[in-house]
Amino acid sequence: MKVGAAIVSCRRTGNSAVFEQLNQFFGINGMPTVPSTYWNDVHGYHKEDVMADEEGVETIQNLSRNMAFLMQSIIEGKDAHGLPDTPHAHFTNFIR
């Protein structure tokens, strides 16, 4: 139950494909993924460019608050309800 959140940064394009691939990694590893108010990306070539991306910075700030909330909720839920059992007993070879 490790919490995952992807943040991507790019100069122009390519961020949505990378963002999706990172989130798929979290999913196949049983990790809750933290949401925000938009895709977790910022644009810019230099740090100053990124900090000028007001929407991107706000999205990451919202992500940070949501991540802290989700981690605290999991801690409190674990104490009250335990963690889910995730067996890995069957791996299928699709080549027959």
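Backbone geometry of region 72-80 corresponds, through the Karplus equation with coefficients 6.51, -1.76 and 1.60 at θ = phi - 60°, to 3J(HN,Hα) couplings of 5, 5, 5, 4, 5, x, 4, 5, 7 Hz, x marking Gly and Pro. Neighbour counts of C-beta atoms inside 10 Å place ASP49, ASP79, ASP41 in the sequence ASP79, ASP49, ASP41, starting with the fewest.
Taking 0.36 nm per residue of separation and subtracting the Cα-Cα distance, full extension of the segment from GLU48 to PHE69 would add 4.7 nm. Basic side chains Lys and Arg get +1 at the Cβ, acidic Asp and Glu get -1 at the Cβ, and with that the dipole of the chain about its Cα centre reaches some 440 debye. Evaluating 6.51 cos²θ - 1.76 cosθ + 1.60 at θ = phi - 60° for every residue in region 20-27, the Karplus couplings come out as 5, 5, 5, 5, 5, 4, 4, x Hz, glycine and proline recorded as x.
Once both labels are positioned 7 Å from their Cα atoms along Cα-to-Cβ, the gap between ALA17 and ALA89 label points is 4.1 nm. The value of relative contact order for region 8-81, using C-alpha pairs under 8 Å at least six residues apart, is 29 percent.
Look at [x] 1.37; [y] 1.12; [z] 1.19: the one that is Cα Rg over 2.2 N^0.38 Å derived from this structure is [x].
Amide hydrogen proximity for VAL8: with H placed 1.01 Å from N in the peptide plane, the residues at 5 or more positions away or on another chain lying under 5 Å are ASP41, VAL42. A helix-only calculation puts the chain at -16500 deg cm²/dmol for mean residue ellipticity at 222 nm, using -39500 (n - 2.57) for each DSSP H run of at least four residues, averaged over all residues.
Laboratory data are not the source of any read-out in this text; all were calculated from the coordinates shown. Just so it is clear, the model here is predicted, and its values are computed rather than measured. We place every Cβ from the backbone using ideal geometry, glycine too, and count neighbours over all the protein chains shown.
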